[in-house]
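**Q** My questions all concern the structure below.
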Amino acid sequence: MPLLVEGRRVRLPQSAGDLVRAHPCLEERARLLRGQSVQQVGPQGLLYVQQRELAVTSPQDGSISILGSDDATTCHIVVLRHTGNGATCLTHCDGTDTRAEVPLIMSSIRSFSEHAQCGRLEVHLVGGFSDDRQLSQKLTHQLLSEFDRQEEDIHLVTLCVTELNDREENENHFPIIYGIAVNIKTAEIYRASFPDRGPEEELRAARALTGGPMISIYDAKTEQLRIGPYSWMPFPHVDFWLQQDDKQILENLSTSPLAEPPHFVEHIRSTLMFLKKHPSPTSALFPGNQALLYRKNEGGLWEKISSPGS
């Protein structure tokens with residue numbers, strides 16, 4: 001069944017701007033979200049989702065109360081929620097393989113919602129801006145089209161993407177919202193930034209930078225974060241890139257050099273250093289070729305589990 005807004009079928013293809021003009025409720029919700037101040041979210045109870053990762057859980061989770069992601073420039077952050085049981089998925093999409101990623105998002109929620117007696121699926125799309133290469137516009141269109149192609153009814157509740165998330169300064173364009181969080185218990189979605197992006201931030205970033213596909217990182221049944229084991233090929237010309245100045249890294253390793261957050265180059269450099277040290281994943285990263293498992297301790301912070309069986 002189709003993508004719906006207030007029970008009405010969404011007519012595609014349309015730009016984000018055309019869509020909100022046809023459905024004023026979307027424009028109002030986007031305006032309210034843009035108008036919020038950014039909340040800095042601490043690590044307690046947080047599951048941070050990096051690019052090309054997804055995480056799904058429900059209000060019954062005793063460890064996770066907030067899902068979040070940021071640093072989205074041309075990327076979009078997607079939240080899909082089942083109103084009947086509160087199962088919530090958050091993912092950070094970059095347009096690499098949207099056709100494969102949307103069914104993955106759907107199946108992650110479906111595994112929680114098979115026995116839900118009532119409720120509906122609601123989707124929230126946030127991110128992107130009016131970038132020169134129109135990568136945001138392309139990703140918006142892909143996501144709307146793929147959700148419209150799914151079997152279930154999906155209700156589009158929030159659309160704050162591309163031209164709806166754009167600001168102009170000195171003839172340059174920037175996103176207004178770079179990051180969001182969703183409260184699993186209350187369903188509130190709000191603008192957010194995240195000082196703590198762990199655990200294993202560099203390892204997870206290395207997987208994305210080397211072209212890894214979208215993956216699910218959290219098992220809500222065991223309340224464990226599962227990382228790897230991953231595989232990747234050596235990053236091409238890593239020494240060359242590490243010798244370049246900030247301007248070169250920004251212009252060549254970003255989809256939107258002018259719009260990146262201040263820490264972008266530092267993040268890329270640290271990820272490249274990690275890939276230089278680990279040109280391909282080894283037993284040093286994943287002892288016994290086993291996943292790295294983490295769970296929240298009593299203080300709400302991630303703590304490594306010594307082995308999968310513990």
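**Q** Before we move on, is Cys160 touching a strand residue (DSSP E or B) at 6+ places or on another chain (Cβ under 6 Å) and closer than 26 Å to Ile64 by Cα?
**A** Numbers: touching a strand residue (DSSP E or B) at 6+ places or on another chain (Cβ under 6 Å): yes; closer than 26 Å to Ile64 by Cα: yes.
Yes.
**Q** Filter the stretch 250-306 for residues that are aromatic (Phe, Trp, Tyr), under 13 Å from Gly228 (Cβ atoms) and open to solvent by 20 Å² or more (accessible area, probe 1.4 Å) and give the result. Give the derivation first.
**A** Here is the first cut: in the stretch 250-306, the ones aromatic (Phe, Trp, Tyr) are 264, 274, 286, 294, 302.
Adding the requirement that they be under 13 Å from Gly228 (Cβ atoms) leaves 286, 294.
Answer for the stretch 250-306, where residues must be aromatic (Phe, Trp, Tyr), under 13 Å from Gly228 (Cβ atoms) and open to solvent by 20 Å² or more (accessible area, probe 1.4 Å): just Tyr294.
**Q** Which residue pairs have Cβ atoms closer than 9 Å, lie 6 or more positions apart in sequence or on different chains, and pair a first residue in the stretch 144-156 that is in contact (Cβ under 8 Å) with a residue 60 or more places away in the chain with a second residue that is open to solvent by 20 Å² or more (accessible area, probe 1.4 Å) and among the polar types (S, T, N, Q)?
**A** Once the first residue is in contact (Cβ under 8 Å) with a residue 60 or more places away in the chain and sits in the stretch 144-156, its partners that are open to solvent by 20 Å² or more (accessible area, probe 1.4 Å) and among the polar types (S, T, N, Q) give Leu144/Gln14; His155/Thr83.
**Q** While we're on this one: Of the residues that sit in the stretch 61-95 and are without any contact (Cβ under 8 Å) to a residue 60 or more places away in the chain and in a strand (DSSP E or B), which one is farthest from Leu46 (Cα to Cα)?
**A** His82
**Q** Let me ask something else about it. Go through (1) open to solvent by less than 20 Å² (accessible area, probe 1.4 Å); (2) among the aliphatic types (A, V, I, L, M); (3) farther than 26 Å from Glu303 by Cβ one by one and return the number of the condition Leu209 breaks.
**A** Leu209 satisfies all of (1) open to solvent by less than 20 Å² (accessible area, probe 1.4 Å); (2) among the aliphatic types (A, V, I, L, M); (3) farther than 26 Å from Glu303 by Cβ except (1).
**Q** Separate question: Let me confirm something: among Leu80, Leu104, Leu32, Leu90, which residue is at negative phi and touching a helix residue (DSSP H, G or I) at 6+ places or on another chain (Cβ under 8 Å)?
**A** Numbers: Leu104 fails: touching a helix residue (DSSP H, G or I) at 6+ places or on another chain (Cβ under 8 Å); Leu32 fails: touching a helix residue (DSSP H, G or I) at 6+ places or on another chain (Cβ under 8 Å); Leu90 fails: touching a helix residue (DSSP H, G or I) at 6+ places or on another chain (Cβ under 8 Å).
Going through Leu80, Leu104, Leu32, Leu90 in turn, the sole match is Leu80.
**Q** I need the full set of residues from the stretch 6-53 which are among the aliphatic types (A, V, I, L, M) and surrounded by fewer than 19 Cβ atoms within 10 Å (Cβ to Cβ), in order please.
**A** Leu12, Ala22, Leu32, Val38
**Q** So, one more: What number of residues within the stretch 163-175 are in a strand (DSSP E or B) and either touching a helix residue (DSSP H, G or I) at 6+ places or on another chain (Cβ under 8 Å) or within 19 Å of Tyr190 (Cβ to Cβ) (or both)? Spell out the reasoning first.
**A** Initial filter on the stretch 163-175 (in a strand (DSSP E or B)): 166-169, 172-175.
Narrowing further to those that are either touching a helix residue (DSSP H, G or I) at 6+ places or on another chain (Cβ under 8 Å) or within 19 Å of Tyr190 (Cβ to Cβ) (or both): 167, 172-175.
Summing the residues that are in a strand (DSSP E or B) and either touching a helix residue (DSSP H, G or I) at 6+ places or on another chain (Cβ under 8 Å) or within 19 Å of Tyr190 (Cβ to Cβ) (or both) in the stretch 163-175 gives 5.
**Q** Filtering the stretch 23-46 down to residues that are touching a residue at least 12 places away in the same chain (Cβ under 8 Å) and assigned to a helix (DSSP H, G or I), which residue is farthest from Leu121 (Cα to Cα)? Give the derivation first.
**A** Going residue by residue through the stretch 23-46, those that are touching a residue at least 12 places away in the same chain (Cβ under 8 Å) are 23, 25-27, 29-30, 33-34, 36-46.
Remaining after also requiring assigned to a helix (DSSP H, G or I): 25-27, 29-30, 33-34.
On the way: Cys25: 18, Leu26: 16, Glu27: 20, Arg29: 18, Ala30: 19, Leu33: 20, Arg34: 23 Å.
Filtering first and then ranking leaves Arg34.
**Q** What number goes with the only condition from (1) in a loop (DSSP other than H, G, I, E, B); (2) in contact with a Leu (Cβ under 8 Å, 6 or more places away or on another chain) that Cys160 does not pass?
**A** (1)
**Q** Filter the stretch 188-241 for residues that are assigned to a loop (DSSP other than H, G, I, E, B) and of a type in the set (Val, Ile, Thr); which is farthest from His267 (Cα to Cα)? Spell out how you get there, then give the answer.
**A** Taking the stretch 188-241 first, the residues assigned to a loop (DSSP other than H, G, I, E, B) are 188, 194-200, 210-214, 217, 220-223, 228-237.
Those left that are additionally of a type in the set (Val, Ile, Thr): 210, 217, 222.
Details: Thr210: 14, Ile217: 21, Thr222: 31 Å.
This residue is Thr222.
**Q** Quick one: would you say Thr91 is closer than 19 Å to Ile189 by Cβ, of a type in the set (S, T, N, Q) and either modelled with pLDDT under 95 or surrounded by 15 or more Cβ atoms within 10 Å (Cβ to Cβ) (or both)? Before you say what the answer is, go through the steps one by one.
**A** Working: closer than 19 Å to Ile189 by Cβ: yes; of a type in the set (S, T, N, Q): yes; either modelled with pLDDT under 95 or surrounded by 15 or more Cβ atoms within 10 Å (Cβ to Cβ) (or both): yes.
Yes: the conditions hold for Thr91.
**Q** It is to be established whether one or more residues within the stretch 121-132 are closer than 26 Å to His263 by Cα, touching a Gly at 6+ places or on another chain (Cβ under 8 Å) and open to solvent by less than 20 Å² (accessible area, probe 1.4 Å).
**A** Pass one, the stretch 121-132, residues closer than 26 Å to His263 by Cα: 125-132.
If we keep only those that are touching a Gly at 6+ places or on another chain (Cβ under 8 Å) too, we end up with none.
Among the residues of the stretch 121-132, not one is closer than 26 Å to His263 by Cα, touching a Gly at 6+ places or on another chain (Cβ under 8 Å) and open to solvent by less than 20 Å² (accessible area, probe 1.4 Å), which makes the answer no.
**Q** Do you know which residues across the stretch 141-157 are open to solvent by less than 50 Å² (accessible area, probe 1.4 Å) and touching a strand residue (DSSP E or B) at 6+ places or on another chain (Cβ under 7 Å)? Give the derivation first.
**A** Within the stretch 141-157, the subset open to solvent by less than 50 Å² (accessible area, probe 1.4 Å) is 142-148, 150, 154-157.
Listed by number, the residues that qualify are Leu143, Leu144, Phe147, Asp148, Ile154, His155, Leu156, Val157.
The values are calculated or read from the model by the stated rules, or taken from the named source; none is laboratory data. Computed from a predicted structure; not experimentally measured. Please note: Cβ atoms are built from the backbone with ideal geometry, for glycine as well, and neighbour counts cover all protein chains shown. With ligands, DNA and RNA removed, areas are computed over all heavy atoms of the protein, side chains included. Shrake-Rupley method; radii C 1.70, N 1.55, O 1.52, S 1.80 Å.
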